[in-house]
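Enquirer: Following this message is one structure expressed as structure tokens.
The values are calculated or read from the model by the stated rules, or taken from the named source; none is laboratory data. Worth saying up front: this structure is predicted, and the values here are computed from it rather than measured. Quick reminder, even Gly has a Cβ in these numbers, built from the backbone with ideal geometry, and neighbours come from all protein chains shown.
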Amino acid sequence: MKRAFIQILTLLAGLALLFSCEKQTTPEPVRIQYPDKQSPFPRDDAYYARLRAYKKTDHKLAFGWYGSWTGIGASEQSRLRSAPDSMDIISIWSQWHSLSPEQIEDKAFVQQVKGTKVVFCISAKDMPEEFKVNGQITEEGIVAYAKAWGKDSMDKYQYDGMDIDFETASDHIGPMNQNPENFKKFAEELSKYIGPKSGTGRLFLIDGNIDSDWLPANIGELCDYAVSQAYNCYGAANLRQRTSNAASRSWRPEQIIFTENFESLWQTGGANYSYNGQTIPSLLGMAYFAMEETSCGFGAYHMEYEYGNAEMPYKYMRQAIQIANPAPQGDYSKNLLTLDQAGEMSVNLVRFPSGATEAVAVSLTGSLSGFAATDMTIPLVLDPSLVQAYNEYNYTDYEAIDPANVSFSGSFHFAAGSRHSSEELPVRMTITGGNLEPGKSYLAVVRADHSGIAGVASNTASEILYVKVSVSEDTKTNSVGLTGKQIENLEIVALGDGTLIETGTCELGFSLQYGASEDVTFALDVDPTLVEQYNKTHGTSYQLLSVDKTTRPESIVLRQGEKTAPTITIGVRDPETLENGDYMIAYRIDLGNSDDYWLYDESQLTRYVIISKSQTNVEEKVDSVDGTIIEDRTGWKYTANGTDYSEDMFDGDLKDGWTVFTDETPEVKVEVDMASVRTIVGWRMGFIDYSFKQLRDVAVSVDGQKWESQASGDVELALTEGNWRYLQLRSPVECRYIRMTIIPYSWAYNSCEFEAYAPKN
């Protein structure tokens, strides 16, 4: 039994493929060579418990459409239980209702015992006639249709969800999917019963043309998964493009399952797929893509055809599952421990001019095949006894590294009920050069020491990390890198009452080309003379911000082996007390006098931060104004750069107005006279073809003499659809005059209408 148990887990299987336009005849069953690998096969309860637990873990999904399902007959091909045990989702591509007792029993077995989700597939083309009114689709009919199939049928037949085939080929379109409003309503109604918004745990899948404009733009929020019919896929570039296209319907990469057509390609495992310079079956390529890139799974249309594979039933499905979710190997009566980074890696340590040697830090994590029964702490150790065996097997002559050259920051910690060690705080292995000789080759053999921990054994397929270590014979300097702009802008914006609505910060990244030879600290010095020099050179008048008004670290710290320091955040302390105006503070990073560090240009170590404090009564980036348009604009005047455009700006016609070219007029100063004092909550500005997206120095006045600022700095406008730009005031103001400066973002810009808003009654 144990042997069979191990064999089956090693062959965790399956998946499926998406809709094809024309059904073919199911292939004749082929006598298989491994009848002991097909279901049903006797398993014990522990095996099935582990299988169900596996399906609740975070892994890549195996999906498949299953046709020709009857639950009866001499061939297991007609039964869902023949599918690989590790199938996550099976979608019924055949009659899903009016089930026979055999089908009910078969489905219940894979759901309850194997933990496989079984959904049924319907077409998005049309609605059943019984829900139509005089042959027409109505909103009431859609509501009834969604409830009847999304809840009532689901309850009756105990399915785990629904899969909707949404295709746009001519023979797949109809009044439901061709009319976006019909399908939108249907999807929204279904989401009450299935999908993430329902709270039922039942799945909502869309398959087919998942990037179609006929789908609602927010469909990804309503569904669990998008199944892409990536038939005859040739490589990862095709899958990446499909992923990018699907984003238009709000699909996230981790929702997408890619599938191949096994109705026609089951004997070869799919089409020719290019992977790392090799040609492999496309189903396997989709599994590699899921494991290495973004998608959540892979599958096939008419997955059951592959039951007839002469080498092994579901040969390619099993291979795909093993690629994406490798099964551990070892004593399956215990919880198998995996070192996630197991395998081989090479490290070449650089020597610096001072004689110091680079250090390298490697992050290590572990995982379990099952859930930890209790809190467990498992240390990491060097095992020099394995060096000789490695050399004999690989015909190498590595020396065992001195344990003094390797250190671990801690141990693996598994919390009770978890399968993974802390990913937020991985164990840090640091390798130093110390007494290692240049030109020699060393081997550090790393494993997790679970000795003495009951119920835990090694995953023998992934338990050891071999690190090949060498030291360069030549010396090199450690180049310094800084991210971020040399001149950063930090905005602080307050309302009229002083309430802060924006308190910006800026970030600085610091890195080294090679790992730090030891823990190192670089001072982050504030230099007032740099501000004075900047003002003198650029003709500016920034005020010097005192050091005690800033929040920042006083130094940059890298631990031994690290190449990148934690991000440095610079901000303003107590920004509400800062007076309105423009300030500057300048920083210089002090590398000390060591010859080990090199910088192309010393000026790169200097950073300037401009802090602008302003007040505003304006809401930025709005696409409407919450108010009522003032229709009577009799006597209103509008000037732009001193020219009167009143006749065109208040005629209700988006046609004539002012137009300027940015190379001639980089900004336009506008003043509006509303003829009398009014209470307003905002305004909108019309344009024809060339627009603008920023305002500056927005102010209002009652008498045209004393002005009250509404936004002392720049105001960002929303790039809305249509021919209007909107400005919303946070609080209503009384005024007769409005003044603002309009700033372009293209080679030309214009305005052809102006409308102000009064508060709603």
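Enquirer: Every residue in segment 288-311 that is touching a Leu at 6+ places or on another chain (Cβ under 8 Å) and closer than 20 Å to Gln267 by Cβ, please.
Expert: Hits for segment 288-311 are Phe298, Gly299, Ala300, Tyr301, His302, Met303.
Enquirer: Determine if segment 247-255 includes at least one residue that is assigned by TED's automatic domain parsing to the domain that holds Glu181, of a type in the set (A, V, I, L, M, F, W, C), surrounded by fewer than 16 Cβ atoms within 10 Å (Cβ to Cβ) and not in a loop (DSSP other than H, G, I, E, B).
Expert: Restricting attention to segment 247-255, the residues satisfying the condition of being assigned by TED's automatic domain parsing to the domain that holds Glu181 are 247-255.
Checking the rest, the ones that are also of a type in the set (A, V, I, L, M, F, W, C) come to 247, 251.
Next cut, surrounded by fewer than 16 Cβ atoms within 10 Å (Cβ to Cβ) only: 247.
Imposing the further condition that a residue be not in a loop (DSSP other than H, G, I, E, B) reduces the set to 247.
Looking for residues that are assigned by TED's automatic domain parsing to the domain that holds Glu181, of a type in the set (A, V, I, L, M, F, W, C), surrounded by fewer than 16 Cβ atoms within 10 Å (Cβ to Cβ) and not in a loop (DSSP other than H, G, I, E, B), one finds at least one in segment 247-255, hence yes.
Enquirer: Among the numbered criteria (1) under 13 Å from Gln229 (Cα atoms); (2) out of contact with any Lys or Arg (no Cβ under 8 Å at 6 or more places or on another chain), which one does Arg249 miss?
Expert: Single failed check for Arg249: (1).
Enquirer: Something else: Taking segment 719-735, which residues are surrounded by fewer than 17 Cβ atoms within 10 Å (Cβ to Cβ), in contact with a Phe, Trp or Tyr (Cβ under 7 Å, 6 or more places away or on another chain) and of a type in the set (A, V, I, L, M, F, W, C)?
Expert: Result: no residue meets the conditions.
Enquirer: Return the pairs, sorted by first residue and then second, in which the second residue is part of a strand (DSSP E or B) and of a type in the set (D, E, K, R), the first residue lies in segment 391-420 and is under 21 Å from Ser363 (Cβ atoms), the beta carbons are less than 7 Å apart, and the residues are 6+ apart or on different chains.
Expert: As it stands, the answer is Ser409/Arg428, since those pairs meet every condition given.
Enquirer: Then there's this: Can you tell me which residue among Asp623, Asp582 is assigned to a loop (DSSP other than H, G, I, E, B) and surrounded by fewer than 19 Cβ atoms within 10 Å (Cβ to Cβ)?
Expert: Details: Asp582 fails: assigned to a loop (DSSP other than H, G, I, E, B).
Going through Asp623, Asp582 in turn, the sole match is Asp623.
Enquirer: Another one. Mind listing whichever residues of segment 213-229 are surrounded by fewer than 21 Cβ atoms within 10 Å (Cβ to Cβ) and of a type in the set (Gly, Ala, Ser)?
Expert: Selection gives Ala217 alone.
Enquirer: Moving to a separate point now. Can you confirm whether segment 637-652 contains a residue that is without any contact (Cβ under 8 Å) to a residue 12 or more places away in the chain, closer than 29 Å to Trp747 by Cβ and part of a strand (DSSP E or B)?
Expert: Taking every residue of segment 637-652 in turn, at least one turns out to be without any contact (Cβ under 8 Å) to a residue 12 or more places away in the chain, closer than 29 Å to Trp747 by Cβ and part of a strand (DSSP E or B).
Enquirer: From the residues in segment 181-208 that are touching a strand residue (DSSP E or B) at 6+ places or on another chain (Cβ under 6 Å) and assigned to a loop (DSSP other than H, G, I, E, B), which one is surrounded by the most Cβ atoms within 10 Å (Cβ to Cβ)?
Expert: Here the residue is Ile194.
Condition check ((1) within 27 Å of Ser712 (Cα to Cα); (2) more than 30 Å from the chain's Cα centre (by Cα); (3) outside the structural domain of Leu380 (by TED's automatic domain parsing); (4) modelled with pLDDT of 90 or more) across all residues:
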{"position": "Val469", "(1), (2), (3), (4)": "no, yes, no, yes"}
{"position": "Val493", "(1), (2), (3), (4)": "yes, yes, yes, no"}
{"position": "Gly498", "(1), (2), (3), (4)": "yes, yes, yes, no"}
{"position": "Glu502", "(1), (2), (3), (4)": "yes, no, yes, no"}
{"position": "Leu512", "(1), (2), (3), (4)": "no, no, yes, yes"}
{"position": "Asp519", "(1), (2), (3), (4)": "no, yes, yes, yes"}
{"position": "Phe522", "(1), (2), (3), (4)": "no, yes, yes, yes"}
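Enquirer: List every residue pair whose Cβ atoms lie under 8 Å apart, where the two residues are 6 or more positions apart in sequence or sit on different chains, the first residue falls within segment 565-576 and is surrounded by fewer than 19 Cβ atoms within 10 Å (Cβ to Cβ), and the second residue, located anywhere, is in a loop (DSSP other than H, G, I, E, B) and of a type outside the set (Gly, Ala, Ser).
Expert: So the pair list comes out as Thr569/Thr505; Thr569/Arg552; Gly571/Thr505; Gly571/Arg552.
Enquirer: Checking Gly722 against (1) within 24 Å of Glu631 (Cβ to Cβ); (2) at pLDDT below 95; (3) not in a loop (DSSP other than H, G, I, E, B): exactly one of these is not met. Which one?
Expert: (3) is the only condition that Gly722 fails.
Enquirer: Do we have any residue at all in segment 91-102 that's within 25 Å of Lys315 (Cβ to Cβ), touching a Pro at 6+ places or on another chain (Cβ under 9 Å) and modelled with pLDDT of 95 or more? Quick ask: steps written out before the conclusion?
Expert: Kept after step one, since they are within 25 Å of Lys315 (Cβ to Cβ), are these residues of segment 91-102: 91-94.
Filter once more, keeping what is touching a Pro at 6+ places or on another chain (Cβ under 9 Å): none.
For segment 91-102, residues within 25 Å of Lys315 (Cβ to Cβ), touching a Pro at 6+ places or on another chain (Cβ under 9 Å) and modelled with pLDDT of 95 or more: absent.
Yes/no matrix, rows are residues, columns are (1) surrounded by 15 or more Cβ atoms within 10 Å (Cβ to Cβ); (2) assigned to a strand (DSSP E or B); (3) at pLDDT 95 or above:
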position: Glu664; (1), (2), (3): no, no, no
position: Arg684; (1), (2), (3): yes, yes, yes
position: Ile688; (1), (2), (3): yes, no, no
position: Lys693; (1), (2), (3): yes, yes, no
position: Ser709; (1), (2), (3): yes, yes, no
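Enquirer: Hydrophobic (A, V, I, L, M, F, W, C) and crowded, with 18+ Cβ neighbours inside 10 Å, is that true of Val381?
Expert: On the way: hydrophobic (A, V, I, L, M, F, W, C): yes; crowded, with 18+ Cβ neighbours inside 10 Å: no.
Spelling it out, it is not the case that Val381 is hydrophobic (A, V, I, L, M, F, W, C) and crowded, with 18+ Cβ neighbours inside 10 Å.
Enquirer: What residue, of Thr460, Thr475, is over 30 Å from Ser603 (Cβ atoms) and more than 30 Å from the chain's Cα centre (by Cα)?
Expert: Numbers: Thr475 fails: over 30 Å from Ser603 (Cβ atoms).
The match here is Thr460.
Enquirer: Is it true that Tyr316 is touching a Leu at 6+ places or on another chain (Cβ under 8 Å) and over 22 Å from Ala53 (Cβ atoms)?
Expert: Working: touching a Leu at 6+ places or on another chain (Cβ under 8 Å): yes; over 22 Å from Ala53 (Cβ atoms): yes.
Yes; evaluated as a whole, the condition is true for this residue.
Enquirer: May I ask you to say which residue of Ala146, Ala187 is hydrophobic (A, V, I, L, M, F, W, C), more than 24 Å from Leu61 (Cα to Cα) and in contact with a Leu (Cβ under 6 Å, 6 or more places away or on another chain)? First the steps, then the outcome.
Expert: Working: Ala187 fails: more than 24 Å from Leu61 (Cα to Cα).
On inspection, the qualifying residue turns out to be Ala146.
Enquirer: Given the options Asp648, Asp673, Asp656, Asp644, name the one that is in contact with a helix residue (DSSP H, G or I) (Cβ under 7 Å, 6 or more places away or on another chain) and among the acidic types (Asp, Glu). Spell out how you get there, then give the answer.
Expert: Values: Asp648 fails: in contact with a helix residue (DSSP H, G or I) (Cβ under 7 Å, 6 or more places away or on another chain); Asp673 fails: in contact with a helix residue (DSSP H, G or I) (Cβ under 7 Å, 6 or more places away or on another chain); Asp644 fails: in contact with a helix residue (DSSP H, G or I) (Cβ under 7 Å, 6 or more places away or on another chain).
Every option except Asp656 fails the conditions.
Enquirer: Specify the residue that is nearest to Val622 (Cα to Cα); the eligible residues are those in segment 725-748 that are part of a loop (DSSP other than H, G, I, E, B) and aromatic (Phe, Trp, Tyr). Spell out how you get there, then give the answer.
Expert: Going residue by residue through segment 725-748, those that are part of a loop (DSSP other than H, G, I, E, B) are 745-747.
The next check asks that each one be aromatic (Phe, Trp, Tyr); those that pass are 745, 747.
On the way: Tyr745: 18, Trp747: 24 Å.
Of everything passing the filter in segment 725-748, Tyr745 is nearest to Val622 (Cα to Cα).
Enquirer: A further question on this structure: Quickly run through segment 438-479 and pick out the residues that are over 30 Å from Asn335 (Cβ atoms), among the β-branched types (Val, Ile, Thr) and either touching a Cys at 6+ places or on another chain (Cβ under 7 Å) or not in a loop (DSSP other than H, G, I, E, B) (or both).
Expert: In the first step, residues of segment 438-479 are kept if they are over 30 Å from Asn335 (Cβ atoms); the result is 438-442, 468-479.
If we keep only those that are among the β-branched types (Val, Ile, Thr) too, we end up with 469, 471, 475, 477.
Answer for segment 438-479, where residues must be over 30 Å from Asn335 (Cβ atoms), among the β-branched types (Val, Ile, Thr) and either touching a Cys at 6+ places or on another chain (Cβ under 7 Å) or not in a loop (DSSP other than H, G, I, E, B) (or both): Val469, Val471, Thr475.
Enquirer: Picking from Val362, Val387, Val381, Val350, which residue would you name as being in contact with a strand residue (DSSP E or B) (Cβ under 9 Å, 6 or more places away or on another chain) and either part of a helix (DSSP H, G or I) or in the same structural domain as Arg52 (by TED's automatic domain parsing) (or both)?
Expert: Values: Val362 fails: either part of a helix (DSSP H, G or I) or in the same structural domain as Arg52 (by TED's automatic domain parsing) (or both); Val381 fails: either part of a helix (DSSP H, G or I) or in the same structural domain as Arg52 (by TED's automatic domain parsing) (or both); Val350 fails: either part of a helix (DSSP H, G or I) or in the same structural domain as Arg52 (by TED's automatic domain parsing) (or both).
Residue meeting the stated conditions: Val387.
Enquirer: The conditions are (1) under 30 Å from Ala324 (Cα atoms); (2) free of Cβ contacts under 8 Å to residues at least 60 places away in the same chain; (3) crowded, with 23+ Cβ neighbours inside 10 Å, and Arg81 fails exactly one of them. Which is it?
Expert: That leaves (3) as the condition not met.
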